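Inspection log for the structure reproduced underneath, given as structure tokens.
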Amino acid sequence: MTITERQETPIPGTGTSTTNPAAAEAVFGHATSRLLAPLQVRAGDTVVDVGPGAGSATLALAEAVGERGRVHIVDVDPAMLEATMNAVGKAGLTDRVRPILHDLESGPPPIHDAVDAVWSSACVHHTRDWGAAVRALTSLLRPGGSLCIAEGGLPSRSIPWDCGVGTPGLETRLDAAHNRWSTQWFAGRAGVRRHTGDWGEILGAAGLEGVTRLSTLIDYPAPLDERVRGVVLDELAARVRRAGPFLDDRDAAAWKTLLDPADAQWLGHRPDLALLTVRTAFYGRRPH
């Protein structure tokens, strides 16, 4: 694989929030497909995927653009680009995808083609200035081209309100602790600019028109199959690790019990483990 690099040293990437991002993307694949649909990517289009993760959206876009199209994938982390290109190679679509090592903090990616659509999922919120990042991506679009920023939604719910371990409401308090961690991480970086509106306002301020929003439900009822159960456990463990400093001692002890495969109360043993959440995306079009 050849990675197109700018003449700069990339900063370390943020990586993934779970140990197996490909498995997580497979579980959320139907939601990704629904959120991609409004972009109306067609054969021959040139599209950009910013923050491609394990490559599930990249594969869908590469299929959509066909042999005459091109997908540029952009990430600050070489490991993520490599993971996506490995998935692309296994699918036999390497000729349609171009990896670009780039940090959005530095401005628009070095793409000189006229871009029909830009897709970015759970990536732009890592930047210090969301408005600047959206403006940078908007600048890539041809007149009439579309941008989709998939950010936000609702927190996941996977265990009963009273699961029998610790005090009822564990997941609600985990959300609060995770929000405190996220706020500290975001605000603790030099040069951060707060945006008090929603993503739709940010797209509108970047000059996009026809701004809309789409949310899609992810609902895997109990009992979960092994594939989904593994992703739920992995994502819960990741949230608990990040939120750990903001959990009280009782909740920390409860999560330690619930996430320990050697414990009789391990969540992996529970028949009522489920996955219910919402993913949201915001869309806008560059004026003609």
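Of all the residues in the range 73-104, those that are touching a residue at least 40 places away in the same chain (Cβ under 8 Å), out of contact with any Pro (no Cβ under 9 Å at 6 or more places or on another chain) and within 24 Å of G145 (Cα to Cα) number 2. In the range 179-195, the residue that is surrounded by the most Cβ atoms within 10 Å (Cβ to Cβ) out of those that are assigned to a helix (DSSP H, G or I) and touching a helix residue (DSSP H, G or I) at 6+ places or on another chain (Cβ under 7 Å) is W181.
Any residue at all in the range 105-114 that's among the polar types (S, T, N, Q), surrounded by fewer than 18 Cβ atoms within 10 Å (Cβ to Cβ) and out of contact with any Gly (no Cβ under 6 Å at 6 or more places or on another chain)? Taking every residue of the range 105-114 in turn, at least one turns out to be among the polar types (S, T, N, Q), surrounded by fewer than 18 Cβ atoms within 10 Å (Cβ to Cβ) and out of contact with any Gly (no Cβ under 6 Å at 6 or more places or on another chain). Within the range 264-288, residues that are over 23 Å from E151 (Cβ atoms) have Cβ atoms under 8 Å from residues that are assigned to a strand (DSSP E or B) in these pairs: A274/R157; A274/Y220; H288/P143; H288/G144, counting only partners at least 6 apart in sequence or on another chain. Looking across the range 255-288, the residues that are assigned to a helix (DSSP H, G or I) and either buried (at least 21 other Cβ atoms within 10 Å of the Cβ) or of a type in the set (D, E) (or both) come down to W255, L258, L267.
So which of A252, A264, A243 is over 27 Å from the mean Cα position of the chain (by Cα) and at pLDDT 95 or above? Reasoning before the result, please.
Values: A252 fails: over 27 Å from the mean Cα position of the chain (by Cα); A243 fails: over 27 Å from the mean Cα position of the chain (by Cα).
The conditions single out A264.
Considering every residue within the range 215-226, establish whether at least one is assigned to a helix (DSSP H, G or I), among the polar types (S, T, N, Q), surrounded by 12 or more Cβ atoms within 10 Å (Cβ to Cβ) and modelled with pLDDT of 95 or more. Can you show your working first?
The first filter runs over the range 215-226 and keeps only residues assigned to a helix (DSSP H, G or I), leaving 226.
When the remaining residues are screened for being among the polar types (S, T, N, Q), the result is none.
No, the range 215-226 contains no residue that is assigned to a helix (DSSP H, G or I), among the polar types (S, T, N, Q), surrounded by 12 or more Cβ atoms within 10 Å (Cβ to Cβ) and modelled with pLDDT of 95 or more.
Could you tell me how many of the residues in the range 159-178 are closer than 19 Å to L276 by Cβ and part of a helix (DSSP H, G or I)? The number of residues fulfilling the criteria is 8.
The values are calculated or read from the model by the stated rules, or taken from the named source; none is laboratory data. As the structure is a prediction and not an experimental result, all values here were calculated from the model. Using ideal geometry, Cβ is built from the backbone for each residue, glycine included, and neighbour counts are taken over all protein chains shown.
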